[in-house]
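Novice: Pasting a structure below so you can have a look.
Bear in mind these aren't lab numbers, they're just calculated from the coordinates by the rules spelled out. Note that the structure is a prediction, hence the values are computed from the model and not measured. Here Cβ is always computed from backbone atoms with ideal geometry, including for glycine, and neighbour counts include all displayed protein chains.
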Amino acid sequence: MPNSKTAIIFLVFALMLSVFVANISNLISVGENARVPVSSRRMNDIELNADQRTNNVTIGKSSEHLIWFIQISDIHISIFHDESRVTELKEFCDLTLNAIKPTIVLASGDLTDAKSEDNMGSRQYVQEWELYKDVLQACRVTEKTVWLDIRGNHDNFNVPSLTSKQNYYRNYSIQGQAHPKSYMYQIKKGGETYSFIGMDACLEPGPRRPFNFVGVLSQEEMDHVKKLSDEAKRKGSNHTIWFGHYPTSCILTTGSDGVRALISKYPESIVYVCGHYHTLGGMVPSMYTLQQAGFLELELGDWKDNRMYRLLAVDHGMFSFVDLKHREWPIVLVTNPKHALFAIPTREPLHMISHSTHIRILGFSLSPIESVQVKVDDSIWQNCTHILGPLYVHPWNPNLYARGIHEIHVLIKDEAGREKLTTQPFSLDGSRMSFRLLPRLALMSNISLVFQCLFGTMLTLCVLPLCILKYLHRLVRARKHYRPRVSICFFQNWIRKLWILSTVDRVFYPLVLYALYLTVGPWSIGEVIEGHTGIIFAWGTIVNGAYLPGSFTYAYGFLQVGSSYVFNGNYIYT
């Protein structure tokens, strides 16, 4: 093969890779200049809204303007596996809720497991839903708090429709009867109104595994969520917390606006909390990011295997949280000064920290708190004063820490002898910390688009080089004196294999046609939902009279094309 043609192929692939990396880098950038463009009037509205919410209140030792709540996700109650998920959930609803006394509990999906004993099949088991309902009733959670649950993809396996008898969420959850899909709940506390908007992106109908990984918001559901948001704003919401099962990177929309644009449209929206990813098998245990749209997105590790839950608080308009393991006591959450990594410049009154008079700490334990001590940087330990409930405060002079990033240390002890040391960075001059790369990739990308790109790239790599080499092979046969040569050692072995493969017609044509067929032809026809025949394509699934857009199917197509390509190539070469 001529050197010039090899060099051109190499340069084309290098250019494609550079463009891809540049786009990803721009996508996950969360620097000050990396937010979505907004008009000056829009930005002024956001900043004005943040100032209005504070009403010129000084952050001192008052217990007003404070609310705390809990999130739990991916419980996966199963009748086949790990009975301790249920017994420890009961312990959580008894002991943990009694100790923390949260105003709200957000149960963000995958309440049940809905998988068969061998983990291969999937359908709804009424016994799992009965266990879920029995735990909540036995612990009387509705008397202790407001339990806001919502569906996850496992709660939607093999569910033909919302009105189907297989949709057990409707009858066995707390919110299912009144709110079968997305809904809004408001509560007033301390003179402020807090709105909680649950966003249900489950597919309708809900297919069985494995094509139920990515969520979809239809135009009808998007319009419904917009109405909920407008209603929250009309009712004077000071702070809006969004929750759902799927991360925004895992939600497709049929309209022009995406989920992130919808959330960012409302200045009072400060955070979107979710689950679903299960820390990606332990690779990303802390999955947080600040979206370019200006709000935080926080994925919570699962209860299923890791027994995780989250304590969240809004204190004088500033949002704080800490992720916790079940039975981890005591619990500490510093609400002022706010954690530097999770500052939301356009949606929080961060200037109030510089004018605050007290450090504010929330402390919880199963036993009474004996002491709470605090120090900033290398200063000496100081005892905090208990105000009311879990609130502990200590006076401070923020002017001493006006520049750079500093650390606040908190040591809490309870009467049972348990203690916990917590360190939290903070900044008063806008100094920022960076989110890690993997969480940003997981939460800021578009998973469906990534799968499509992988599938398209693999398809191109499988088909295009083979077709080019097939054409060159014909030239070789026409010019017997010509022999292909490759001077770039890195590509030499690879191109030699492809060259040999392109000469074997009985493998070349089936392999190329097979790869092309995967893009257009049906993969399978069968019971995608029990009792309902469906047709699965790379670009989507047609079942029960509905079209479900393709997403995870592209990932399977990528693996299928790649594996067949490597197997056949190695087989021919050897």
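Novice: Can you list the trypsin sites (Lys or Arg not before Pro) in the range 295-350 that are in a DSSP coil and have 16 or fewer other beta carbons within 10 angstrom?
Specialist: Details: sites: 304, 307, 310, 325, 327, 338, 347; in loops: 307, 327, 338, 347.
Hits after loop and neighbour filter: 327.
Novice: Between the range 158-205 and the range 432-471, what's the alpha-carbon centroid distance in Å?
Specialist: The range 158-205 and the range 432-471 have Cα centres spaced 34 Å from each other.
Novice: Please give the Cα centre distance for the range 309-348 versus the range 389-422, rounded to the nearest Å.
Specialist: The range 309-348 and the range 389-422 have Cα centres separated by 13 Å.
Novice: Counting other Cβ atoms within 10 Å of each Cβ, which GluC sites (Glu not before Pro) in the range 240-326 have at most 13 and sit in a DSSP loop?
Specialist: none
Novice: Mind checking the full-extension length gain between residue 546 and residue 327? Use 0.36 nm per residue of separation minus the Cα-Cα distance, one decimal, nm. Let's see the in-between values first.
Specialist: Numbers: separation 219, 0.36 × 219 = 78.84 nm, distance 4.48 nm.
Result for the pair: 74.4 nm of gain on full extension.
Novice: Same structure, new question: Excluding residue 122 itself, what net charge comes from residues whose Cβ is under 14 Å from its Cβ, given Lys and Arg +1 and Asp and Glu -1?
Specialist: Counting the neighbours of residue 122, the net charge comes to -4.
Novice: Taking θ = phi - 60°, what integer Hz values does the Karplus form 6.51 cos²θ - 1.76 cosθ + 1.60 yield along the range 170-181, in sequence order, with x for Gly and Pro?
Specialist: Each residue's phi maps through the Karplus curve to give 4, 10, 10, 8, 6, 9, x, 5, 7, 9, x, 10 Hz.
Novice: Follow-up question, since we're still on this one. In terms of the Cα gyration tensor, with a ≥ b ≥ c the square roots of its eigenvalues, is the range 375-465 rounded because a/c is under 1.5, prolate because a/b exceeds b/c, or oblate?
Specialist: prolate
Novice: Right, next: Give, in nm to one decimal, the length gained when the segment between residue 126 and residue 186 is fully stretched (0.36 nm per residue of separation minus the Cα-Cα distance).
Specialist: The span from residue 126 to residue 186 would gain 18.5 nm if fully extended.
Novice: List the residues whose amide H sits under 5 Å from the amide H of residue 240, counting only those 5 or more places along or on another chain, with H placed 1.01 Å from N in the peptide plane.
Specialist: Under 5 Å from the amide H of residue 240: 195, 269, 270.
Novice: What distance in nm separates the simple spin-label points at residue 415 and residue 219, each placed 7 Å from Cα in the Cβ direction?
Specialist: Computed distance between label sites residue 415 and residue 219 equals 6.3 nm.
Novice: Could you check the simple spin-label distance between residue 513 and residue 405, using points 7 Å along Cα→Cβ, in nm with one decimal?
Specialist: 5.9
Novice: Here's something else I'd like to know. For the pair residue 171 and residue 88, how long in nm is the line joining their label points, each one 7 Å along Cα→Cβ?
Specialist: With each label placed 7 Å out from Cα toward Cβ, I get 3.1 nm.
Novice: Please give the FRET efficiency for residue 117 paired with residue 530, using the beta carbon to beta carbon distance and R0 = 22 Å, rounded to the nearest 0.05. Display every interim value, and only then the final one.
Specialist: Values: r = 17 Å, r/R0 = 0.77.
The pair residue 117/residue 530 has a calculated efficiency of 0.85.
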